[in-house]
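See below for the structure under consideration.
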Amino acid sequence: MPFIETKDLRMHYQWDGSPGAPILVLSNSLGTNLTLWDLQVPVFSKHFHVLRYDSRGHGQTSATPGEYSVELLARDVLDLLDTLEVQRVHFCGLSVGGMTGMWLAANAAERLDKLVLCNTSPKIGTAESWNARIQAVREDGTESVAQIVVERWFTPDFRTKNPDIVEKTKSMIESTSREGYLGTCAAVRDFDFWASLKNITAPALVIAGTHDVAATPAEAQKLAREIKDARYVELAAAHISNIEDAGRFTDAVSTFLSNP
């Protein structure tokens, strides 16, 4: 399995598709690994060289102690691209992956072509809610929050009809290292990027879920308004729209990335 080594991290990544195609980076949500994108990769890899990775403290990427920041997570991406000698990419991130994309688009614009921000916001939740989750995970592990999280991530109807998918997602959360989960919770808690959106110049697509209570459609619509000429798509889903409304999600992203 491919890894890169940086000064403090062993980072797991995976390529799919043709090496000669434009590169598309996929960035995961809190508590998941690169398999989050399994439903998209068969389609995306027909037109793009798809680069997935496990973020710091998630999947097979090593965890470092202490609180993380979105800037730190974004610089991990730059380290990955530099090591792989990749200059420019399309970037698609969901939730904290979308926050990572915002930071990259505002601070490393020369590395990005198009930007897709999915089920995300420049500010998600409150310090109080994140601190409560941090305390729960610190005391009782990721298992203590996994069930509550998947209930927020998927609508009741989807959970009823797709128990295997929900259970797989729940297992991903439970298997995430405690240090990695806690560090990333702190990154999301402390991120507030509303004032910096004016620095994003990349063509952008914002995807929201109608039933998303973490990054609401109202916040996503505001996000799309704040980024010049950004497009907006709303799907019949909660927070993990690339799984709950996979077909429409994949079509929306593919169309945006492929058209001028």
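Where a number appears in this text, it was derived from the coordinates with a stated rule and is not lab data. Predicted model only: the values in this text are computed from it and were never measured. Every residue, glycine among them, receives a Cβ derived from its backbone with ideal geometry; neighbour counts consider all protein chains shown.
For the range 193-211, filtering for residues that are touching a Lys or Arg at 6+ places or on another chain (Cβ under 9 Å) and over 15 Å from Pro122 (Cβ atoms) leaves 4.
Taken together, the residues in the range 1-18 that are out of contact with any strand residue (DSSP E or B) (no Cβ under 7 Å at 6 or more places or on another chain) and in a loop (DSSP other than H, G, I, E, B) amount to 4. In the set Asp82, Asp113, only one residue is under 18 Å from the mean Cα position of the chain (by Cα), acidic (Asp, Glu) and within 30 Å of Pro22 (Cα to Cα); that residue is Asp113.
Here Thr176, Thr169, Thr216, Thr184 are screened, and the one residue that is of a type in the set (Val, Ile, Thr) and within 25 Å of Arg111 (Cβ to Cβ) is Thr184.
Scanning the range 123-151 for residues that are free of Cβ contacts under 8 Å to residues at least 24 places away in the same chain and hydroxyl-bearing (Ser, Thr, Tyr) yields Thr126, Ser129, Ser144. Reported count of residues in the range 99-149, each being under 16 Å from Val188 (Cα atoms) and either in contact with a Pro (Cβ under 9 Å, 6 or more places away or on another chain) or among the acidic types (Asp, Glu) (or both), is 3.
For the range 152-167, a residue qualifies if it is part of a helix (DSSP H, G or I) and within 12 Å of Ile243 (Cα to Cα), and the qualifying residues are Trp153, Phe158, Arg159, Ile165, Val166.
Exactly one residue among Lys161, Lys168 is surrounded by fewer than 17 Cβ atoms within 10 Å (Cβ to Cβ) and under 29 Å from Asn131 (Cβ atoms), and that residue is Lys168.
Determine whether the range 223-232 contains at least one residue that is touching a residue at least 40 places away in the same chain (Cβ under 8 Å), crowded, with 20+ Cβ neighbours inside 10 Å and in contact with a His (Cβ under 7 Å, 6 or more places away or on another chain). Scanning the range 223-232, I find no residue that is touching a residue at least 40 places away in the same chain (Cβ under 8 Å), crowded, with 20+ Cβ neighbours inside 10 Å and in contact with a His (Cβ under 7 Å, 6 or more places away or on another chain), so the answer is no.
Within the range 161-173, the set of residues being without any contact (Cβ under 8 Å) to a residue 40 or more places away in the chain and within 17 Å of Asp212 (Cα to Cα) comprises just one member, Val166.
To keep it simple, each residue is scored yes or no on (1) under 19 Å from the mean Cα position of the chain (by Cα); (2) surrounded by 13 or more Cβ atoms within 10 Å (Cβ to Cβ).
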| position | (1), (2) |
| --- | --- |
| Asn107 | yes, yes |
| Thr120 | yes, yes |
| Ile124 | yes, yes |
| Ala127 | no, no |
| Asn131 | no, yes |
| Ala136 | no, yes |
| Asp140 | no, no |
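Restricting to the range 142-151, count the residues that are exposed (fewer than 14 other Cβ atoms within 10 Å of the Cβ) and within 16 Å of His211 (Cα to Cα). Here the count works out to 1. Of all residues assigned to the range 61-70, none qualifies as being surrounded by fewer than 24 Cβ atoms within 10 Å (Cβ to Cβ), among the charged types (D, E, K, R) and more than 26 Å from Gly183 (Cβ to Cβ).
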